[in-house]
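Since the structure comes first, as structure tokens, the remarks are kept for the end.
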């Protein structure tokens, strides 16, 4: 009865915990990739800014400024995505900690039931 119910609940929590761990691993991987991509954009932005600062021709300068504006939009979107992924990772980490606590609690309850059954 109660022991079977505890074990069933423990199995469900274990499955959810595994899924959450997998999701967090994927999120952290995506976050690391995004951070590398963001860092790779810095030299491109600096290069464009330098080229704009020395460009005398108005038409060429305008073209470079348009490129820089587009790059900045992309950069800002990536930074925002990074913040979202970081928040998701932190939330998943809290879920994982809660899941581990649940598992410990359910295992302790099951152990208590086993002791009571064996008395």
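The values are calculated or read from the model by the stated rules, or taken from the named source; none is laboratory data. From a predicted model like this one, the values you see are computed outputs, not experimental measurements. With ideal geometry, Cβ positions are generated from the backbone for all residues, glycine too; neighbour counts draw on all protein chains shown.
Condition check ((1) under 18 Å from residue 19 (Cα atoms); (2) in contact with a helix residue (DSSP H, G or I) (Cβ under 6 Å, 6 or more places away or on another chain); (3) surrounded by 13 or more Cβ atoms within 10 Å (Cβ to Cβ)) across all residues:
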site: 62; (1), (2), (3): no, no, no
site: 70; (1), (2), (3): no, no, no
site: 78; (1), (2), (3): no, yes, yes
site: 93; (1), (2), (3): yes, no, yes
site: 111; (1), (2), (3): no, no, no
site: 119; (1), (2), (3): no, no, no
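Exactly one condition in (1) at pLDDT below 95; (2) more than 25 Å from the chain's Cα centre (by Cα) is false for residue 64; which is it?
Unmet for residue 64, out of (1) at pLDDT below 95; (2) more than 25 Å from the chain's Cα centre (by Cα): (1).
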